[in-house]
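What follows is a short report on a single structure.
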Amino acid sequence: MLLKLDFSGVSPIYRQIRDQVVLGIAGGWLRPGDRLPTVRALAEESGVNMMTVSKAYGLLRQEGYIRTDRRGGTVILSRAGERVPGRETVDGLRLRLGELKLAGLDREAILKLCGELLDGEAEP
Amino acid sequence: MIGRLITWASMLWLVPLMYVFLKNETKFKKNIVVGVTLPYEAREDAQVLAVLAGYRRRLKGVCLALTALGLGCALLPVSFGVTLTIWLIWIDLVVVLPLVPYVRCNRALKRLKAERGWRREGAGLTVADLTAASRPEKHLSFLAFCLPLLVALGPGAWELSRGETVLGLVQLVNPACVVLFWFLYRAAFRRKAEVVDGNEALTGTLTRVRSRAWRRCWLWGAWFMALFALALELTFYRPLPGLVALLVLTAAFTAAMVRLELRLRALQERLTADSGRGFYVDEDDRWLWGMFYCNPDDSRLMVGARVGMNVTMNLARPAGRAVIAVTAVLLAAMPLFGVRIIWEERSPVTLTLESAVLTAAHSGSEYVLALEELDTAQLLEEKPDIRRIAGTGLDTVQKGRYRSEEYGQLTVCLDPRTGPWLLLSDEGGRQYLFGATDPSQTLLVWASLS
């Protein structure tokens, strides 16, 4: 799976790493048990600071997407059974839906867009 | 005359080498041509092909002119110092001038890219392959470098064991180089995956072939240094066969390295022959003229070159700028070494005897012998056949540590053109061979000693 980082974007790099790993898991590109690179290896691969990668991993760990241990490294966790999204996710979704409404999309158009995004989620 | 021709012959091959590598840049590798990333459709574009043809033509012209200049200069009947100065200026020109058509072509292709709208959305993104980065790193163990290290250590250890300290120390440079090569193999290697597009299998293969070429480059380098030590040892005792062995070895190693690089480039070309149709990586914004990497968002000092196996510095880092600046200054200052040699050539060797101290001097070097330490002295009408161990050996001056079949090791400071020469030995058994440019100085000292 490719990480595409935009250094001129408004979103901080650690957030971009976190978001793309989450999208990768949702899209099936990263499966439970898959190993993520070490902090050092990903920093070397992407050219970003090790602290930035560490911060992204810390966030993913805190949110329960990954687990890190000394022997196994950093692995993707299974989230099967977690049906209820967190409050932050729901708030974020509400905000995005509001933005789409203000952009002039009606309910049908928004649902159609959501369907397309879900169908095309294999392209993180 | 022969020395001058050898000097030129040792570097004339640099022009065809530059030509081959720079011409090779016109082949699409990883969607990059002459340092510009273009989509697949550009490969058959008439304007792109015309720009590339113009580049090849200009490059050929520059390289032919440089070769003609080199051949012409090789025949100039001038002293070694002047030859060396011209030769070093010519090397600077060979390094810089072929890059002029390259930069012009790079800029023309970038303009064309902008005009045609070939700059895709997403260009300028930093792309990292999670899968490749999570694979464990495989390195050659130091043990692989141990055998060449042992071979390289042999001659130096042998010379030291028989009390030849200078020769031993000269020979120890070779094992030091083997250790340096191992260090560079480990430290300078960039493990970044060779991401060209979304094809993970392609990324894996490209990364693997580059890593293999890198490994071979340093391991072969270590073996080269080991064999170099043996050939160098031969030159100490059988100069001509030793020099031939050194030349053959160096030529073979250079040919092997060129072949390794060109084979890697050919593989990169073949493997990415179908890339550039959908998503592809475009980092042109970070490469000045397609050859200097400058990315303030990249924390790395060294990054892999975009094609081939080389590494380069990130100019956005102060250390990167410093390394490039020092390299540029060294290149520009190279001819000054030739000027220094001219000065050495034109300085006379003087011999004086004052306050019971004999001094042989030449352009800042002084060899002093107190008369109270002097044991024997002879005046030689014919200069013994001497071979340099360490020091200067020019048509007008020989100074430093030398060896003679007849007298063994000698400390030498003399003008080989004018005799007679003084052969002296001190109480410690050390021997000296002195001779001034002005023979009357030598004779005056000899008269005082007598």
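The values are calculated or read from the model by the stated rules, or taken from the named source; none is laboratory data. Keep in mind the model is a prediction, meaning the values are calculated, not measured. Counting neighbours? That spans all protein chains shown, and the Cβs are built from the backbone with ideal geometry, glycine included.
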Within the range B:126-241, helices (runs of 4 or more DSSP H) holding 2 or more residues that are more than 25 Å from the chain's Cα centre (by Cα): B:130-134, B:143-161, B:200-237
Residue under evaluation residue B:124, criteria (1) over 29 Å from residue B:49 (Cα atoms); (2) within 13 Å of chain A (Cβ to nearest Cβ), criterion not met: (1)
Residue among B:163, B:154, B:168, B:117 that alone is more than 14 Å from chain A (Cβ to nearest Cβ), in contact with a Ser or Thr (Cβ under 9 Å, 6 or more places away or on another chain) and surrounded by fewer than 19 Cβ atoms within 10 Å (Cβ to Cβ): B:168
Boolean, residue B:360 is in contact (Cβ under 8 Å) with a residue 12 or more places away in the chain, over 37 Å from the mean Cα position of the chain (by Cα) and assigned by TED's automatic domain parsing to the domain that holds residue B:432: no
Residue satisfying all of: in the range B:14-39; aliphatic (A, V, I, L, M) and touching a Cys at 6+ places or on another chain (Cβ under 6 Å); farthest from residue B:70 (Cα to Cα) among these: B:34
Residues located in the range A:2-22, provided they are of a type outside the set (Phe, Trp, Tyr) and within 12 Å of chain B (Cβ to nearest Cβ): A:2, A:3, A:4, A:5, A:6, A:8, A:9, A:13, A:16, A:17, A:20, A:21
Residue match in the range A:62-77 (condition: within 23 Å of residue B:131 (Cβ to Cβ), within 14 Å of chain B (Cβ to nearest Cβ) and small (Gly, Ala, Ser)): yes
Some residue of the range B:322-335 being part of a helix (DSSP H, G or I) and among the hydroxyl-bearing types (Ser, Thr, Tyr): yes
Yes/no for residue A:90 being among the hydrophobic types (A, V, I, L, M, F, W, C), loosely packed, with under 15 Cβ neighbours inside 10 Å and either within 11 Å of chain B (Cβ to nearest Cβ) or farther than 25 Å from residue B:194 by Cβ (or both): yes
Filter pass, residue B:141 being away from chain A (no Cβ under 14 Å) and closer than 30 Å to residue A:44 by Cβ: yes
Whichever residue in the range B:363-388 is in contact with a Lys or Arg (Cβ under 8 Å, 6 or more places away or on another chain) and free of Cβ contacts under 8 Å to residues at least 60 places away in the same chain and, among such residues, is surrounded by the most Cβ atoms within 10 Å (Cβ to Cβ): B:386
Single residue of B:403, B:321 found to be at pLDDT 90 or above and among the basic types (Lys, Arg): B:321
Filter result (within 11 Å of residue B:360 (Cβ to Cβ) and either assigned to a strand (DSSP E or B) or outside the structural domain of residue B:361 (by TED's automatic domain parsing) (or both)) within the range B:405-425: B:411, B:412, B:413, B:414, B:421, B:422, B:424
Residue in the range B:260-283 that is part of a helix (DSSP H, G or I), touching a residue at least 12 places away in the same chain (Cβ under 8 Å), within 21 Å of the chain's Cα centre (by Cα) and surrounded by fewer than 16 Cβ atoms within 10 Å (Cβ to Cβ) present: yes
Qualifying residues in the range A:23-57 (those that are surrounded by fewer than 17 Cβ atoms within 10 Å (Cβ to Cβ) and outside any loop (DSSP other than H, G, I, E, B)) - the one farthest from the other protein chains (Cβ to nearest Cβ): A:26
Filter pass, residue B:215 being touching a residue at least 40 places away in the same chain (Cβ under 8 Å) and surrounded by fewer than 15 Cβ atoms within 10 Å (Cβ to Cβ): no
Hits in the range B:223-273 (condition: among the acidic types (Asp, Glu) and within 30 Å of residue B:22 (Cβ to Cβ)): B:261, B:269
Search result, residues across the range B:171-208 that are of a type in the set (A, V, I, L, M) and surrounded by fewer than 20 Cβ atoms within 10 Å (Cβ to Cβ): B:172, B:173, B:176, B:179, B:180, B:184, B:187, B:188, B:201, B:202
Residue ID - surrounded by the fewest Cβ atoms within 10 Å (Cβ to Cβ), chosen from residues in the range B:13-49 that are charged (D, E, K, R) and in a helix (DSSP H, G or I): B:44
Residue match in the range B:316-333 (condition: touching a residue at least 60 places away in the same chain (Cβ under 8 Å), farther than 30 Å from residue B:441 by Cβ and more than 14 Å from chain A (Cβ to nearest Cβ)): yes
Members of the range B:102-119 found to be in contact with a helix residue (DSSP H, G or I) (Cβ under 8 Å, 6 or more places away or on another chain) and within 14 Å of residue B:53 (Cα to Cα), listed by number: B:102, B:104, B:105, B:108, B:109
